[in-house]
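Chemist: Mind having a look at this structure? Questions to follow.
The values are calculated or read from the model by the stated rules, or taken from the named source; none is laboratory data. Keep in mind it's a predicted model, so treat the numbers as computed, not measured. Heads up, the Cβs are rebuilt from the backbone with ideal geometry, glycines too, and the neighbour counts pull from every protein chain shown. The area values use the complete protein model at the heavy-atom level, side chains included, leaving out ligands, DNA and RNA. Shrake-Rupley method; radii C 1.70, N 1.55, O 1.52, S 1.80 Å.
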Amino acid sequence: MSWTVILVLAAGAYGIRVLGVTTLGRIVEQRLGAVVWLLPVTLFSALVVVMTLDEAGELVLDGRVAGVAAGAVAAWRKAPMMVVVLVAMASTAGLRLVA
C-alpha cells in the first residue's frame, strides 16, 4: 500500500469526522444513517473473506475456511465473542494438525 493511498484514506476519515460534527452531518445521518452503521460490519466481513480465501491472488481452501465457518456458526448460535474466536482457532488448528 502506498503512502498516497494511506494519506487519502486518512483525509477521508478526518473529513467524515468533521462532517459529522456540523449540521450537514446531521442531514447526512438522517438520510444515510442505516447504511453508515452497516459499513464497519461489511468492511470487516470483506477483510475476513480476503484474508481467508486469497493467497497471492489465488483461491485457497484450507483450514482457515473451516475455522471461519465454525466461528460463523458459533456467532450465529449467539456464543460470546471469546467463544467464537476460540472455536474458530481450535477448528483451524485441528484441521491443520490432521492435514
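Chemist: At most 16 other Cβ atoms within 10 Å plus a DSSP loop assignment makes a site exposed; report the longest stretch of the chain without any exposed trypsin sites (Lys or Arg not before Pro).
Modeler: 1-76
Chemist: Further question on the same structure: If I ignore ligands, DNA and RNA and count only protein heavy atoms, how much of Val41 is accessible to a 1.4 Å probe, in Å² to the nearest 10?
Modeler: Here the accessible area works out near 90 Å².
Chemist: Run through all the Cα pairs of the chain and give the fraction in each 5 Å bin from 0, expressed as whole percent.
Modeler: 2, 11, 12, 16, 15, 10, 14, 11, 5, 2, 1, 0
Chemist: Sort Met89, Met81 by accessible area with a 1.4 Å probe, largest first.
Modeler: Descending order: Met81, Met89.
Chemist: Using only the Cα atoms, what convex hull volume per residue in Å³ does the stretch 41-99 have?
Modeler: About 79 Å³ per residue, rounded to a whole number.
Chemist: Highest GNM mean-square fluctuation, the chain, Cα pairs closer than 10 Å: which of Gly71, Gly15, Gly33?
Modeler: Comparing Gly71, Gly15, Gly33 in a Gaussian network model of the chain, the most mobile one is Gly15.
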